[in-house]
Amino acid sequence: MIQLTNVSKIYLNGARALVDVNLKIGKGSFVFLVGPSGAGKSTLIKLLYREETPTRGQVQINSKNLVRMKDREVPYLRRNIGVIFQDFKLLPNKTVFENVAFALEVIGVAKSEVRNRTLATLELVGLKAKETAYPHELSGGEQQRVCVARAIINNPALLVADEPTGNLDPDTAWDIMELLYDINKRGTTIVMATHARAIVNKMQKRVIAIENGRVARDEEKGGYGYDA
Amino acid sequence: MLNSSGYIFRETINSMKRNPWLSLASVVTVMVSLVILGYSIFFLANAANMAKSFESELEIGAFVQIEYTPEEVQDLKSQIEQMPGVESVTLVTKEQALEEFGKTIGGSQGNIVSDVGGTNPFPDKLTVKVTDPQNVKALASSLESNPGLYKVRYGQDFVDQLLKFTQWLRWIGFGVVAAFGVAAVVLISINVKMNVFSRRREIQIMKLVGASNSFIRWPFLIEGLALGLAGGTLAAVIVGLGYNWITVYVQSTLTFLPVVQNELLFRQVSIGLLLGGMVMGALGSLFSLQKFLRA
């Protein structure tokens, strides 16, 4: 589903974020990206939803070439990719319902459909009771659930997450991981960059370690592999 | 896009509420530039009209050689009367001219003659009316070659002056309108940019969840258009009412001045001002969105 071929990314300031990365990630898989801060994990994530384009090499998702893709095609790519952030990126002046519905409204989905799908998705992430609350009235875990709901409401084939548990306490983090696990079970491919060693070790999924912009390790059912 | 129209409309209103003073400044600048444009157009239309009406009342003044006797002058007069295109010829003798001159400065004739050196300095003057204003120039030049006349003067001088003046005015008007127009576009673009900035989080998320660029742009484009259109509408109203008032005033006081009252021109100018406002608004939006929102 995802294929990176000889991908290098050098930022304008000369920083070499990724060097000659080759990767294949199959449909329906769950992949952890681990590695020290600044190793290139976030850059790799950004290549996947085309926030960045590589300096060299090719990025393909579902046999679509993201490098040759025209700017005006990007929105349609993103409707099929959900993105989750460490800082949730919710709109503070909108309710939980509105934040999630927003993702449908802005791509022109009909009003009645927006309502039904939003309620169904809130149910899925366990936030139906908080429908009318504002983000500041929610706990960190609840806010992240809103972010997840917004990311999956379009039934994306791919969900990318950049340290989704980074701002959460361990128990809450596990709640979110269970949610992501369920979503993955339903067939969505998940790529998650993380520093959460306990989570990576426990889940026994594929682990790709990035160091100095290169793939240092890539193993099925791997562990976190770094000392705390 | 039908599902989105409500959203776009709401966003447009919201963003105007966010910066009311800047919005007002944008509208006023658009208005000022278009008011100047509107009045310039009417002024130029009137100047052209005036030039035309003066042209149609053209007369040629021909001054007879000073040493001609009254009989020779009469001969010359009837000779000119025979020329094609001449409607009538009136003679103003040197005595009459002196008398006129004396009246204007208020003294007796004898005094003036002695004052100016004992001889009457005025020539005899023949005023030639033409049948067709188109012929004035040709007739004037054939009169110029007549040995009995030493000077031929006609209204073309005035008309030329007037046209030259309107030409200047056109350039000055164009410059002023352009300057205000640029200011209006810049203000609108600042306006839109500020709203883009205050909504940057929202825009970031819109891009993330796959809203198309045009969807993201629409509210801003409409905002610019609305600001421009508001300015254009105000300008059309001000120019319309103001011109109407001026027309009534001029017609009751300076009755001899021909004033343009053309329904069609009126409508064209109004529509032009509205369109001008919208163009400024659209340009302002486009300038501020161009760099931004590039996926």
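The values are calculated or read from the model by the stated rules, or taken from the named source; none is laboratory data. Everything numeric in this text was worked out from a predicted model, so none of it was measured. Cβ sites come from the backbone with ideal geometry, for glycine too, and all protein chains shown count toward neighbours. Just the protein is used for accessible areas: all its heavy atoms, side chains included, with ligands, DNA and RNA removed. Shrake-Rupley method; radii C 1.70, N 1.55, O 1.52, S 1.80 Å.
May I ask you to list the residues in the stretch A:117-136 that are closer than 18 Å to A:Arg79 by Cβ and more than 14 Å from every other protein chain (Cβ to nearest Cβ)?
Matches in the stretch A:117-136: A:Ala120 only.
Scan (1) part of a loop (DSSP other than H, G, I, E, B); (2) more than 16 Å from the chain's Cα centre (by Cα); (3) within 14 Å of chain B (Cβ to nearest Cβ); (4) not aliphatic (A, V, I, L, M) for the single condition A:Glu113 breaks and write down its number.
(1)
In the stretch B:73-101, which residue that is open to solvent by 50 Å² or more (accessible area, probe 1.4 Å) and of a type in the set (D, E, K, R) is nearest to B:Glu59 (Cα to Cα)?
Looking at residues that are open to solvent by 50 Å² or more (accessible area, probe 1.4 Å) and of a type in the set (D, E, K, R), I get B:Glu87.
Can you say whether B:Val269 is assigned by TED's automatic domain parsing to the domain that holds B:Leu22 and within 15 Å of the chain's Cα centre (by Cα), as far as the supplied structure shows?
Against the criterion (assigned by TED's automatic domain parsing to the domain that holds B:Leu22 and within 15 Å of the chain's Cα centre (by Cα)), B:Val269 qualifies.
If a residue must be closer than 14 Å to B:Leu208 by Cβ and either open to solvent by less than 10 Å² (accessible area, probe 1.4 Å) or hydrophobic (A, V, I, L, M, F, W, C) (or both), how many such residues does the stretch A:151-191 contain?
Counting residues in the stretch A:151-191 that are closer than 14 Å to B:Leu208 by Cβ and either open to solvent by less than 10 Å² (accessible area, probe 1.4 Å) or hydrophobic (A, V, I, L, M, F, W, C) (or both) gives 8.
Hey, A:Thr95 hits all of (1) over 15 Å from the mean Cα position of the chain (by Cα); (2) in contact (Cβ under 8 Å) with a residue 40 or more places away in the chain; (3) more than 11 Å from chain B (Cβ to nearest Cβ); (4) surrounded by fewer than 21 Cβ atoms within 10 Å (Cβ to Cβ) but one; which does it fall short on?
So A:Thr95 meets the others, but not (2).
Would you be able to say whether some residue in the stretch A:211-220 is part of a helix (DSSP H, G or I) and not aromatic (Phe, Trp, Tyr)?
So far as the stretch A:211-220 goes, no, none of its residues is part of a helix (DSSP H, G or I) and not aromatic (Phe, Trp, Tyr).
Please determine, by comparing only the residues of the stretch B:189-219 that are at pLDDT 85 or above and outside any helix (DSSP H, G or I), which one is farthest from the chain's Cα centre (by Cα).
B:Val209
For A:Val125, indicate whether it is under 27 Å from A:Asp169 (Cβ atoms) and at pLDDT 95 or above.
So A:Val125 does not fit the description; no.
Using the structure shown, decide if B:Ile172 is exposed (fewer than 14 other Cβ atoms within 10 Å of the Cβ), among the β-branched types (Val, Ile, Thr) and in the same structural domain as B:Val27 (by TED's automatic domain parsing).
Yes.
Counting just the residues of the stretch B:26-44 that are crowded, with 20+ Cβ neighbours inside 10 Å and closer than 12 Å to B:Gly242 by Cβ, which one comes out farthest from the chain's Cα centre (by Cα)?
Top of the filtered list is B:Val35.
Would you check if there is a residue in the stretch A:77-85 being at the interface with chain B (Cβ under 9 Å from one of its Cβ atoms) and part of a helix (DSSP H, G or I)?
Checked against the condition, which is being at the interface with chain B (Cβ under 9 Å from one of its Cβ atoms) and part of a helix (DSSP H, G or I), the stretch A:77-85 yields at least one hit.
Among the residues of the stretch B:197-224, what is the count of those that are away from chain A (no Cβ under 14 Å) and surrounded by fewer than 22 Cβ atoms within 10 Å (Cβ to Cβ)?
Total satisfying the criteria: 3.
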